[in-house]
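The values are calculated or read from the model by the stated rules, or taken from the named source; none is laboratory data. Model, not experiment: these values are computed from the prediction. Here the Cβ positions follow ideal geometry from the backbone for every residue, glycine too, while neighbour counts run over all protein chains shown.
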Amino acid sequence: MPLKDSMRLVKKFVGGLKKHAVESTAAVLVLTPTYATLEHLVSNMSRQESQSARLTGAILMYAGLGKIISYGREKYLASVHVDKESPPSLQARHDRIYGALFNLVISPPYYLAMGVDDPAKIGMGTLSSVIFGYLAQGQILGSSIDVCKDFAGLEPSPKTPGFLKSLHGPKKALAPALAGAASYALTEIVWRLPSAYET
């Protein structure tokens, strides 16, 4: 294989890895505190059950689930003829629909695999994730992925706030660390709160 073709393949592979890492990180930053809230405060899961679900979820995200979520979103949006140039309200509506559908399919087997064997907890966890997926998560996750890809220089997005676009040098390098710290802090606060069903 000519050296030029080999370098092209290496560049494509590295670019794919970078895109996967960015999309997965965006998903983990958003989903960890939101799902911890739903699991611990709404579905009455213990801190240990929620921690296990979130840790496994993060591992799965980097192992390929993030790619599946992003790929599924891209295919779903394409199937309903929605793209980056579509009105933001239309993009948001279909992000919500996709978030709800994905949660409906993935939540029950996921919680079972995590060792949650109480049908009420699984049912409430699934219902709350579907409702939240439609009301907010789908749109938030979709926007987060788009913004993170723009921030990483992978794909421009009109959703990226101006102050993020203006960051350069050390400030730009510090932004991902601050986002990670904020996500962790929010999750830890949630886990320290008493469950909705605790007396």
Test: residue in segment 30-49 that is on the phi > 0 side of the Ramachandran plot and either surrounded by 14 or more Cβ atoms within 10 Å (Cβ to Cβ) or of a type in the set (Val, Ile, Thr) (or both): yes
Free of Cβ contacts under 8 Å to residues at least 40 places away in the same chain and in contact with a helix residue (DSSP H, G or I) (Cβ under 7 Å, 6 or more places away or on another chain): which single residue out of LEU174, LEU164 fits that description? LEU164
Is it the case that LEU29 is in contact (Cβ under 8 Å) with a residue 60 or more places away in the chain and among the aliphatic types (A, V, I, L, M)? yes
Being farther than 19 Å from PRO156 by Cα and either of a type in the set (Val, Ile, Thr) or out of contact with any Leu (no Cβ under 9 Å at 6 or more places or on another chain) (or both) narrows TYR62, TYR71 down to just TYR62
Tell me which residues, restricted to segment 119-151, are surrounded by fewer than 17 Cβ atoms within 10 Å (Cβ to Cβ) and either out of contact with any Ser or Thr (no Cβ under 9 Å at 6 or more places or on another chain) or of a type in the set (Phe, Trp, Tyr) (or both). PRO119, ILE131, LEU135
Which members of segment 16-65 meet the condition of being closer than 13 Å to SER129 by Cβ, of a type in the set (Ser, Thr, Tyr) and not in a loop (DSSP other than H, G, I, E, B)? THR34, TYR35, THR37, SER50
Among the residues of segment 109-118, which ones are surrounded by fewer than 17 Cβ atoms within 10 Å (Cβ to Cβ) and either part of a helix (DSSP H, G or I) or free of Cβ contacts under 8 Å to residues at least 40 places away in the same chain (or both)? PRO109, LEU112, ALA113, ASP117, ASP118
Qualifying positions in segment 108-119 - modelled with pLDDT of 90 or more and either under 18 Å from PHE132 (Cβ atoms) or among the charged types (D, E, K, R) (or both): PRO108
Checked LEU174, LEU186 against criteria (part of a helix (DSSP H, G or I), surrounded by fewer than 14 Cβ atoms within 10 Å (Cβ to Cβ) and of a type outside the set (Asp, Glu)); the one match is LEU174
Which of (1) hydroxyl-bearing (Ser, Thr, Tyr); (2) crowded, with 20+ Cβ neighbours inside 10 Å; (3) without any contact (Cβ under 8 Å) to a residue 60 or more places away in the chain; (4) touching a helix residue (DSSP H, G or I) at 6+ places or on another chain (Cβ under 7 Å) does SER70 not meet, given it meets every other one? (3)
Suppose we filter PHE102, PHE132 for residues that are at pLDDT below 85 and aromatic (Phe, Trp, Tyr); which single one remains? PHE132
